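Undergrad: Pasting in a structure now, in C-alpha cells, and then I'll have a few things to ask.
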Amino acid sequence: MEKIGLVMEGGAMRGMFSAGVIDVLMENKIEFDGAIGVSAGATFGCNFKSKQPGRAIRYNKRFCKDWRYSSFKSLIKTGDYYGADFCYNELPNKLDIYDVKTYRENPMPFYIVASDCNTGKPVYKELKKCDADELTWMRASASMPLASKVVQIDGYELLDGGITDSIPLKYFESLGYSKNLVVLTQPRDYLKKDNKLIWLIKIMLKKYPNIVHAMKNRAKVYNQEKEYVFEQEKLGKTFVICPEDDLKISRTEKNPDELQRVYDLGRKVMQERLEEFIKFSKN
C-alpha cells in the first residue's frame, strides 16, 4: 500500500492560506497516512490531527491585535514576538481549547521540523502527545530568527525549521510516503532572495556560526527544494497546492480582514482542485 503524506510549508501569516486548505480537506473527510509541518505549517497544521476545522482562522482573528499574542511589546518583554506562554499555554489550554484527546487518538503521525542552532541542520520530531514538551518543540519550529529566543529542549538549541528545511518533501519520502500533497504559501514562480538582514543575524546569532551559515544559504536551498517539488509533480508523485499570485500579506499581519482574505483564498484553491486531488490519491 502506498502511503500518502501531507507536507505543509511555513510562512508566518501566509499560513492562513494553508489553514484554509486543510479546513476544506477536513470538511471533506480527506485523510492522510502522515503529515509534517514547518513553522506556521506546524502550528496551524496540527489542527488537522486534532480534527478542528476553523480553529486556526478563529483564534488568529480573535487575538491578532492582542499584544500577548504577537507584538513588539511582547518581543521586548519576553524575547519572543509571538508570546511563548500565551501562544503555547494560555491559548490552547484556556482560550481556544486544543483537542488533545482527539490528537492522541488519531493514528496519523504528525511531524514538525526545527533547526539545530549548533549544527545548522534540520531536526525532525514526531509529536505523539502534544503535551507541554511537545508544544515547546512546535514553538521551536516556528521561532523566527531575530523575532524569537533560541528554544532549549531535550538538549537541543533550536530555531525555525524553515531555516534548514522549508519544504520537507524529501524527508517524508525517506519515511516511505511515496505520494504527497504539498501545500506551499508562495506562488509557483516565486524565487527566494538572499536575506537583507544577514548582517544583523551574524551579530545576534554570533554564538551559532552554523545556523548563520544556514541562513546565508537559505535562499539557494529553498529554491532547490521548490524545484524538486515541481519535478516530483511532473512525475505524478506529488500534488501541489499553492496561491496563484503573491498573497500580499505581512508575515505579522494584524488585520482580521486580511487574515480572512488569505484563508478564503486557500479554501478556494483547494475546493477547485479537490476532485483532482482525490483522483491523484487513488491512482
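The values are calculated or read from the model by the stated rules, or taken from the named source; none is laboratory data. Keep in mind it's a predicted model, so treat the numbers as computed, not measured. When we count neighbours, we look across all protein chains shown, and the Cβ atoms used for this are built from the backbone with ideal geometry, even at glycine. Keep in mind that these areas ignore ligands, DNA and RNA; they rest on the heavy atoms of the full protein, side chains included. Shrake-Rupley method; radii C 1.70, N 1.55, O 1.52, S 1.80 Å.
Undergrad: Considering the options LEU259, GLY162, LEU175, tell which one lies farthest towards the positive end of the dipole of the range 129-283, charges being +1 on Lys and Arg and -1 on Asp and Glu at the Cβ, about the Cα centre.
TA: Farthest towards the positive end: GLY162.
Undergrad: Percent relative contact order of the range 106-147, based on C-alpha pairs within less than 8 angstrom and at least six residues apart?
TA: Averaging sequence separation for qualifying contacts and normalising by length gives 37 percent for the range 106-147.
Undergrad: Calculated FRET efficiency, LYS206 and SER178, Cβ-Cβ r, R0 35 Å, to nearest 0.05?
TA: 0.25
Undergrad: Still on this structure, I have one more. What does the convex hull of the Cα atoms of the chain come to per residue, in Å³, rounded to a whole number?
TA: Given the Cα convex hull of the chain, per-residue volume reads 119 Å³.
Undergrad: How large is the accessible surface of LEU95 in square angstrom, using a 1.4 angstrom probe and rounding to the nearest 10?
TA: Accessible area of LEU95: about 60 Å².
Undergrad: Among the helices of the chain (complete DSSP H runs), which have Cα atoms covering no less than 30 Å along the helix axis and a Kyte-Doolittle mean of at least 1.6?
TA: Span-like helices here: none at all.
Undergrad: Of all the accessible heavy-atom surface of the chain, with the other protein chains kept in place and a 1.4 Å probe, what percent is carbon and sulfur?
TA: 51 percent
Undergrad: So if I take the centroid of the Cα atoms in the range 4-26 and the same for the range 206-246, what is the distance between those two points in Å?
TA: If we compute the Cα centre of each part, the gap is 16 Å.
Undergrad: Got a sec? What order do ASP264, ASP246, ASP66, ASP165 fall in by accessible area at 1.4 Å, biggest, i.e. largest, first?
TA: Descending order: ASP246, ASP264, ASP66, ASP165.
Undergrad: What fraction of the DSSP beta bridges in the chain is antiparallel, stated in percent and rounded to the nearest 5?
TA: 40 percent
Undergrad: Please calculate how many Å² of accessible area the chain carries per residue, with a 1.4 Å probe and no DNA, RNA or ligand atoms counted.
TA: Solvent-accessible surface per residue comes out at 46 Å².
Undergrad: Would you compute, from DSSP H runs of 4+ residues alone, the mean residue ellipticity of the chain at 222 nm, taking -39500 (n - 2.57) per run and dividing by the full residue count, rounded to the nearest 500?
TA: -12000 deg cm²/dmol
Undergrad: Further question: Efficiency by 1/(1 + (r/R0)^6): what FRET value for GLU231 and ASN195, r their Cβ-Cβ distance, R0 = 35 Å, to the nearest 0.05?
TA: 0.85
Undergrad: I've got another one for you. How would ASP194, ASP33 rank on accessible area, largest to smallest, probe 1.4 Å?
TA: Largest accessible area first, the residues go ASP194, ASP33.
Undergrad: Scaled to the compact-protein estimate 2.2 N^0.38 Å, what is the alpha-carbon radius of gyration of the range 1-107, rounded to two decimal places?
TA: Ratio of Cα Rg to 2.2 N^0.38 Å: 1.11.
Undergrad: I would also like to ask the following. Add +1 for every Lys or Arg and -1 for every Asp or Glu among the other residues with Cβ under 14 Å from the Cβ of PHE86, and state the total.
TA: Result for the neighbourhood of PHE86: +2.
Undergrad: How high is the FRET efficiency between LYS268 and PHE72 when r is their beta carbon distance and R₀ equals 35 Å, given to the nearest 0.05?
TA: Computed FRET efficiency for LYS268 and PHE72: 0.60.
Undergrad: At 0.36 nm per residue, minus the direct Cα-Cα distance, what do LYS65 and GLN152 gain on full extension? Give it in nm, one decimal, please.
TA: Here the segment from LYS65 to GLN152 would lengthen by 28.5 nm.
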